[in-house]
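Bear in mind that the values in this text are calculations on the coordinates, not laboratory data. Computed from a prediction, not measured in an experiment: that's the story for all the values here. So basically every Cβ, Gly included, is an ideal-geometry build from the backbone, and we count neighbours across all protein chains shown.
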Amino acid sequence: MIQKTLDKLRPHFQEGGKLSALRSVFDGFETFLVVPSATSRTGVSIHDSIDSKRIMSFVVIALMPALLFGMYNIGYQNALAAGADTTACGALLLYGLAVMLPKIVVSYVVGLGIEFVVAQWKKEEIQEGYLVTGMLIPMILPVETPLWMLAVAVAFSVIFAKEIYGGTGMNIFNPALVARAFLFFAYPTSMSGDKVWLAKDTFLGLGHTVADGTTLATPLGEAAAQVAPTGDFWTYCVGLMPGSVGETSVIAIAIGAAILLWTGIASWKTMGSVFVGGALTAWLFNIGGLEGNAVANIPWYNHLVLGGFCFGAVFMATDPVTSARTEGGKYVYGLLIGALAITIRVLNPGYPEGMMLAILFMNMFAPLIDYCFVQRNISRRLKRSQSK
Amino acid sequence: MERHFKLKKGLDVRLAGEAAATVRTATQAPLYAVRPADFHGLVPRLLVKEGERVKAGTPLLTDKATERINVVSPVSGTVKEVMRGARRKILYITVQPDARQEAVDFGKPDLAAISRDDALELLLKSGLFAYLRQRPYDVTASPLDTPKAVFVSAFSKMPLAADFSFVAQGREDKFKAGIALLSKLAPVYVGIAPEQETSALLPLPEATVSVFDGPNPSGNVGVHINHLAPVNKGETVWTLGAEEAIFVGELAVTGRVDFTRRIAVAGSQVAESQYVETVVGAQIAHLLGADTPAEGAHTRIIDGNPLVGRKVEATDFLGAHTTEVCLLPEGDDTHEVLGWIAPRLKQFSANRSYLSWLLGKNRAYDLDCRIKGGERRMIMSGEYDRVFPMDIYAGYLVKAIIAGDIDRQEALGIYEVAPEDFAVAEFVDSSKLELQRIVREGLDLLRKENA
């Protein structure tokens with residue numbers, strides 16, 4: 001039945017049809033609803049069932065635990081700050097949903113809107129990459145980020161971090177991180193500090209109003225201000241603490257990580273070596289005995305579960321497009337991200353968090369790492385042909 | 001003692017309708033044909049006219065460059081038609097067979113004493129040389145080259161592929177004679193599967209036998225070359241299908257050509273999958289008999305296996321290098337709602353986001369020919385390398401080909417590969433790129449540039 005409706009509608013959207021300006025949109029919806037029955041003309045007659053729609057939607061599914069927990073945490077922090085009841089799970093989650101939903105909608109509408117336009121202009125199919133990016137962006141921003149800022153950041157990153165390079169698969173930098181970096185440098189006061197981690201207004205009658213002056217510092221923010229963070233490893237793992245929406249709960253992220261690793265969509269080599277690199281570096285700072293630097297003295301295991309480290313390692317560093325593509329290169333790439341993230345945290349007093357910059361920096365170097373590995377193969381071949 | 005290679009990379013896909021180990025002998029087809037395109041890289045010059053009488057072994061065409069590589073008629077009869085396409089390209093030369101078959105006598109060679117030149121001349125004259133292919137470029141070999149080796153693979157792990165052990169049954173001595181004659185040209189390497197170690201195909205005293213144990217494409221001759229004698233720039237390696245080594249053996253033993261071969265007719269759309277004994281070039285409809293799909297049926301006929309073979313019509317003819325003909329559902333009448341997120345238990349995927357891995361490795365799938373996704377840029381990394389058992393960065397090579405960067409293609413090892421080596425990678429590719437077409441076009445362009 002769906003097929004019949006689509007068949008009836010299609011002529012309108014084709015070249016010369018009344019709605020041909022919306023061809024890419026129609027295409028997008030059609031392939032979303034029904035698997036195209038196009039068959040192969042050359043090459044293999046049979047194909048694996050996997051396609052990029054499936055891959056991207058599995059990443060979105062993997063993000064769901066972290067998102068749901070993030071929503072709950074928004075409600076929890078709000079109630080906590082207002083001194084209200086924090087036991088009503090459903091109400092807290094509902095409040096979080098009410099806060100997050102507009103952000104997700106704005107992110108998708110702006111980002112996909114640009115993708116639709118570009119696809120139409122280039123006469124291509126719509127690429128699914130933004131499904132993931134659009135979910136990631138609201139999750140890595142502080143909860144108080146205004147919607148207009150979100151929209152500007154999304155537009156900036158989709159256009160300047162992705163489309164000008166040629167779209168999904170061609171970009172150098174992770175678009176979600178570019179969006180965050182853009183806001184981080186353009187509107188620093190809205191992106192860090194003590195005031196941005198708490199939703200303060202009621203939303204559709206849900207939640208509580210919190211006094212404007214109320215502040216909430218993230219543990220890393222406290223440490224950067226040379227206050228020894230309160231809390232232990234377990235609290236950090238559960239994640240009922242201030243932070244960007246998706247990043248606080250290690251448990252929720254671990255569920256996502258399991259999904260990504262099990263399906264093979266994320267590389268365990270990248271993900272694992274980010275943790276190894278981070279742990280080693282943090283441990284070196286621990287034994288290095290940097291007096292008076294509270295961040296350096298956070299135990300290494302706490303470093304791994306604080307801030308955006310886990311979220312970055314699981315969902316950002318493993319982006320196949322912007323990470324190293326050679327198998328050996330993935331180890332190097334991951335190790336360096338982990339090491340850099342901790343180093344930035346410890347040695348840079350300006351930024352309490354280093355994951356974003358570490359990943360963006362390594363995005364830039366991933367092609368160089370790959371170059372070294374590919375070049376080894378090339379030299380081996382050259383040597384072989386000369387040695388006879 | 002054979003050398004053993006244990007290969008980890010690759011992927012076996014089992015499809016429903018594998019050919020059972022029984023043989024049906026096809027009657028004489030009403031029409032046979034030679035297709036010049038099967039001898040890729042050979043520019044044909046026609047030697048016969050319509051209505052001319054030919055024997056099995058009479059040259060129908062030769063190559064323009066050297067005028068030495070003959071392509072001969074597989075049967076005796078009358079040349080019926082030279083079918084031409086755009087720009088007068090020869091598509092087919094059809095031959096209507098005689099009831100009584102005659103073959104040209106090329107003279108029985110003395111295998112012990114024959115020189116390299118005589119062996120080469122015999123193969124050229126008899127049309128069997130045209131079956132040899134060369135790396136680099138994966139084109140018909142040239143008699144002007146001195147190859148460093150001849151490679152023959154005695155097995156294929158492609159889905160629905162014919163089992164050479166069964167195809168050669170009763171003709172093992174011919175296979176051995178064929179290898180013996182080939183060894184006059186260059187050192188011969190034969191790659192076998194572990195289960196063939198005890199078969200009657202061995203021993204092969206004239207050849208270096210190696211065992212390749214691993215999933216598809218471990219049977220690809222390209223994989224064997226990469227492990228044993230990788231092709232460097234300026235070197236040439238020849239390859240020959242194992243079934244075609246039997247043709248060579250027939251010539252070595254009898255002095256005549258006999259293009260009879262066992263073809264596996266397989267796939268889910270075949271009522272009784274089994275082997276059919278027929279002659280190269282037979283019309284496909286005749287070969288399939290009752291299994292021939294009705295007009296308008298959503299069934300695809302593949303000349304070859306589903307990963308490497310060519311989509312054909314029932315009125316087309318069996319290819320020169322074809323070892324199996326497969327019938328699969330086309331799938332263009334299937335409309336799967338929200339398929340990209342559905343569990344799709346009945347469909348195969350190497351990716352664990354589908355649950356097909358739960359059902360065990362030996363389950364046979366009934367796959368159709370849908371692409372099941374839109375073409376994208378290369379997004380996932382390492383997808384190709386997992387199924388590419390060679391010391392080559394497949395993804396980077398494909399990118400170099402797309403970019404047309406010849407120096408980089410050379411550096412990354414394009415001389416070692418053939419399109420078929422990318423078949424499994426093309427199957428698993430989530431970006432749905434037509435890798436075999438890309439590699440084929442890349443090789444053709446490179447050959448032109450280097451000429």
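About its Cα centre, how strong a charge dipole does region B:3-254 have in debye, to the nearest 20, once Lys and Arg get +1 and Asp and Glu get -1 at the Cβ? Write down the numbers at each step before the final one.
Working: 31 positive and 28 negative charges, 162 e Å.
With Lys and Arg at +1 and Asp and Glu at -1, about 780 debye.
Each residue, B:Glu195 and A:Lys8, gets one label point 7 Å from its Cα in the Cβ direction; the gap between the two is 5.4 nm.
Based on the mean of other Cβ atoms within 10 Å per residue, sort peptides A:38-49, B:57-68, A:375-386 so the most packed one is first.
Most protected by this proxy first, the peptides run A:38-49, B:57-68, A:375-386.
Charge dipole (Cα centre; +1 on Lys/Arg Cβ, -1 on Asp/Glu Cβ; no other charges) of region A:241-388 amounts to roughly 1060 debye.
Across region B:263-282, the residues whose backbone nitrogen lies under 12 Å from the label position 7 Å along the beta-carbon direction of B:Ala290 are B:271-273. The orientation-averaged shadow of the Cα convex hull for region B:3-254, equal to a quarter of the hull surface, comes to 14.9 nm².
Of all DSSP beta bridges confined to region B:3-254, the antiparallel ones make up roughly 55%.
Compute for region B:225-294: radius of gyration divided by Kirkwood radius, i.e. Rg/Rh, restricted to C-alpha atoms, rounded to two decimals. Don't skip to the answer; put the middle values down first.
Values: Rg = 17.3 Å, Rh = 15.2 Å.
The Rg/Rh ratio comes out at 1.14.
DSSP beta bridges in the protein assembly as shown, what fraction antiparallel, as a percent rounded to 5?
Antiparallel bridges: around 60 percent, rounded to the nearest 5.
Put simply, region A:46-98 fits an ellipsoid with semi-axes of 37, 8, 7 Å; these come from the alpha carbon gyration tensor as the roots of five times its eigenvalues, largest first. Taking other Cβ atoms within 10 Å as a rough exposure proxy, A:Tyr72, A:Tyr108, A:Tyr371 sort from fewest to most as A:Tyr371, A:Tyr108, A:Tyr72. Averaging the sequence gap over all C-alpha pairs within less than 8 Å and six or more residues apart, then dividing by the number of residues, gives region A:259-388 a relative contact order of 29 percent. Taking each residue as 0.36 nm, the span from B:Thr78 to B:Lys108 lengthens on full extension beyond its C-alpha to C-alpha distance by 8.2 nm.
Within a 10 angstrom radius of each residue's Cβ in B:337-344, how many Cβ atoms of other chains show up on average? Whole number is fine.
Details: counts 6, 6, 9, 15, 6, 3, 0, 3.
The shielding value for this peptide is 6.
Cα-Cα over 27 Å: which of B:Lys64/B:Lys448; A:Lys122/B:Lys399; B:Lys80/B:Lys157; A:Lys8/A:Lys103; A:Lys8/B:Lys346; A:Lys8/B:Lys311? Where the Cα-Cα span goes over 27 Å, the pairs concerned are B:Lys80/B:Lys157; A:Lys8/A:Lys103; A:Lys8/B:Lys346; A:Lys8/B:Lys311.
Please work out whether the protein assembly as shown counts as rounded, prolate or oblate from its C-alpha gyration tensor, where a ≥ b ≥ c are the square roots of the eigenvalues and a/c under 1.5 means rounded, while otherwise a/b larger than b/c means prolate and anything else oblate? Taking the square roots of the gyration eigenvalues as a ≥ b ≥ c, the protein assembly as shown is prolate.
Relative contact order for chain B: what is it in percent, counting Cα pairs under 8 Å that are at least 6 residues apart?
Numbers: 1007 pairs, mean separation 87.8, N = 451.
Value for chain B: 19 percent.
Panel order for B:Arg14, B:Arg370, by other beta carbons found within 10 Å of each beta carbon, from fewest to most: B:Arg14, B:Arg370. Taking label positions 7 Å along the Cα-Cβ direction at both B:His40 and B:Asn362, the computed distance is 3.5 nm, reported to one decimal. Residues whose amide H falls under 5 Å from that of B:Phe317, counting only those 5 or more places apart or on a different chain, are B:Ile284, with hydrogens built in the peptide plane.
Sorting check: for B:127-138, A:250-261, B:418-429, B:384-395, which peptide has the highest mean count of neighbouring beta carbons within 10 Å, and how do the rest follow? Please report the intermediate quantities before stating the final value.
On the way: B:127-138: 24.2, A:250-261: 20.2, B:418-429: 25.9, B:384-395: 21.8.
In descending order of packing, they fall as B:418-429, B:127-138, B:384-395, A:250-261.
Reported to the nearest whole Å, the Cα centre-to-centre distance from region B:1-77 to region B:145-175 is 14. Note: relative contact order over chain A, using C-alpha pairs below 8 Å and six or more positions apart, is 15 percent.
Our estimate of slack between B:Glu52 and B:Gln169, defined as 0.36 nm per intervening residue step minus the Cα-Cα distance, is 38.5 nm. Distance between the 7 Å Cα→Cβ label points at B:Asp333 and A:Glu327: 4.4 nm. Across the alpha-carbon atoms of region B:385-450, the computed radius of gyration and Dmax are 10.9, 33 angstrom. Ordering A:Glu163, A:Glu128 by the number of other Cβ atoms within 10 Å of each residue's own Cβ, fewest first, gives A:Glu163, A:Glu128. Here region B:136-151 is scanned for amide nitrogen atoms under 13 Å from the site 7 Å beyond the Cα of B:Arg68 along Cα-to-Cβ, giving B:141-147.
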